[in-house]
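A short worksheet on the structure shown next.
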Amino acid sequence: MHFFNDPTLLAAGHALSMILQFDRLIFLWFGVLIGLAIGLLPGIGGLTGFALLVPFTYTMDPYAAFAMLLGMASVITTSDVIPAVLFGVPGHAASQATVLDGLPMTKRGEASRALSACYTSSLLGGLIGALILAVSLPLVRPFVLSIATPEMLGLTIFGISMVSSLSGTAPMKGVAVACFGILVGMIGTNAATGQMRWTGNLLYLQDGIPIVPIILGIFALPELCDLAIQRTAIADNIKFSSRQGMRQGVTDTLRNWFLVLRCSALGALLGAIPGITGAVTDWIAYGHALHTSKGARESFTKGDVRGVIAPEAANNAREGGSLVPLLAFGVPGGAMQAILLGAMMVHGFIPGPDMLTKHLDVTYSMVWSIALANIFGAGLCFLLSGQFAKISTLRYTLILPVIIPIIFIGAFEGSNSWGDMFVLLIAGLIGWTMKRLKWARPPLILGLVLGKLIERYMTISFMRYGTDWMMRPIVLVILLLAAMILLNPLFKLVRRGGFARLRPSGDVRLKLEDLTYVFFIGIALYMLVTAQGWLFLAKIGPTVVASIVVIAGTISLAYKVFFANTGGGVHMDATIDPNNALPIKLVLTRAARFFGWFLAFLACMALIGIIPTVPLMIVAFMRIEGRESWRLSLILAVCVTAFVYGVFDQIIHVPWPSNFIGQWFPALAATGA
């Protein structure tokens, strides 16, 4: 009887009864629907949803308010797998790793299986994350207090090493790319000194390059470009029927229950560390699955269902973990948690000891909200996954005109500047080139995400602890694990063939793809030299990182050119390129044609605005590229334009890029014309 009188259980039971009241469930459902809709739109992040919903919560009771907000936040990473799996377009930064195996599964006709596995692992991950949150809140204080800046720096370095291993047996290549991404993330104003770094007197660069257009350029545009080159549907046929695929996906997830459990725990743990975002969590979970799953090195990136299960379980579990420092200490783990903190304070709740004593029922209402939101969200996605899977069999002339305008709008959300459009174009060209030349793209994105964090943690660690920060026990363990991951290919090479494998082979193997080393090393050298005239705190980070790019890139290039047997291992783009059989001239011609349409869209948007451009470019593309009928072209153009105008202009109220017509006729500017 004493067990049932436990205050924690009583508070949890009371919270559940409060959440299950009909009026509060309605708000929870509404938040889930908003979150699922946002997840489908590339580049439109959860901050947009919070900006929409928070003002409405101020007059609501706290249970309903927090249920609606957490319902939205909990399911964004459930639905954002749909564009990632079907088109290779990450809905958000947290679904990048899902592309690696999700898209190859779609190309095999297993889209419904991949989506079902994503939903099931997301559901289980969300529930496990909520459970970990419920159990850990009373116990978490000593652990969170032990995580200082040096440990944060160690974790970011570990994340870089984990993703660098995706470069197969040449992890130094991955390190060079990751550090190049860090350098890109350092562009802008240095927070510590106010030093302008590589801004070139451009106002757009002073706040740094937004991550959204880079993610869409590096991952989304190359896949769409290859679809235009191939000129077929994404999948020639559907291997499973909708029901078969859904059943198979559920079976796959349950069969890999231990992987789900491990990655969910990992996601919740990383979520509890402020600054570790979903963009980092999914890569660390993917790397963990790669290094611990049987046969993963032979099957990952080729359509292994475990490659979608791991990151999705971790991402949804992360939402529960991210509430731990917020509720226990009032420390938000990211921008959304910061907004949630503001909403809590408006309702009179101050995070800290009171949330674990006097307001324990409110705290557990948040736990139940996350759990129920994951159940509702996964259920809705299951109902629609069969229809979504059929999209992969549509002609490319029906898919591209719909996706490209959404990508433009998503990229523009980076900083609401025309500079976002040019960053999208440049990142798209770099991403497509890297994919064609077999360079792994994940390390670049992770480096970009972690760039400012690594510099901040490095500066604080050296100023506060000197070089002693590396000797802290937790940091030492993390750095040793990172070193083992990076050196593992070398150990395997020596184990298989002895030290003789490390001697030059006598042959020079210089290929076209090796010239990309010159690009990365050359830019790093330029950034290294130009940084030397800056203030010490502004240049220390760029100097260290640029030096690593030069050293790692040179070592990797020398090994590639002069030493034997550098192939093998997992490589992000080695098996998902659909047009290897096409002549290189035809590939380049069709790629140029695709980016030509991109430039035409930009030019038209600059002249008449985005909303008039959408129907015009859709009809032109469908008529010229696919010889589609006028009737079908006009119907699709009207539908897409109505969707863009209704959702983005009337509901979300996104600002539109400036244009000449809008300057000449200001009354039209407010509607994107």
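Quick check on the range 171-218: take the gyration tensor over C-alpha atoms, sort the square-rooted eigenvalues as a ≥ b ≥ c, and tell me if it's rounded (a/c under 1.5), prolate or oblate. Don't skip to the end; give the middle numbers.
Numbers: a/c = 2.76, a/b = 1.53, b/c = 1.80.
Verdict is oblate for the range 171-218.
Gain in length, F22 to L632, computed as 0.36 nm per residue apart minus the alpha-carbon separation, to one decimal in nm? Working shown, then result.
Numbers: separation 610, 0.36 × 610 = 219.60 nm, distance 4.36 nm.
So the extension gain works out to 215.2 nm.
Show W368, W432 ordered by accessible area, largest first, where the area counts protein heavy atoms only and the probe is 1.4 Å. Present the calculation step by step, with values, prior to reporting the outcome.
Values: W368 80, W432 25 Å².
The ranking, largest first, comes out as W368, W432.
Rank these residues by their accessible area, most exposed first, probe 1.4 Å: K560, K107. Spell out each step's value before the answer.
On the way: K560 35, K107 70 Å².
So the residues, ranked largest to smallest area, are K107, K560.
Measure up K302/K438; K560/K585; K173/K438; K107/K294 against 18 Å on the Cα-Cα distance and list the ones that go over. Let's see the in-between values first.
On the way: K302/K438 14 Å; K560/K585 26 Å; K173/K438 11 Å; K107/K294 24 Å.
In this structure, K560/K585; K107/K294 lie more than 18 Å apart at Cα.
Mind ordering 583-596, 309-322, 284-297 by average Cβ neighbours within 10 Å, highest first?
Numbers: 583-596: 13.8, 309-322: 33.9, 284-297: 19.9.
Top of the packing list down: 309-322, 284-297, 583-596.
With a cut-off of 8 Å between alpha carbons and a minimum separation of six or more residues, what is the relative contact order of the range 55-119 in percent? Display every interim value, and only then the final one.
Numbers: 55 pairs, mean separation 15.8, N = 65.
Relative contact order for the range 55-119 comes out at 24 percent.
The values are calculated or read from the model by the stated rules, or taken from the named source; none is laboratory data. If you're wondering where the values come from, they're calculated on a predicted model, not measured in any experiment. Quick reminder, even Gly has a Cβ in these numbers, built from the backbone with ideal geometry, and neighbours come from all protein chains shown. For accessibility, only protein heavy atoms count, side chains too; no ligands or nucleic acids. Shrake-Rupley method; radii C 1.70, N 1.55, O 1.52, S 1.80 Å.
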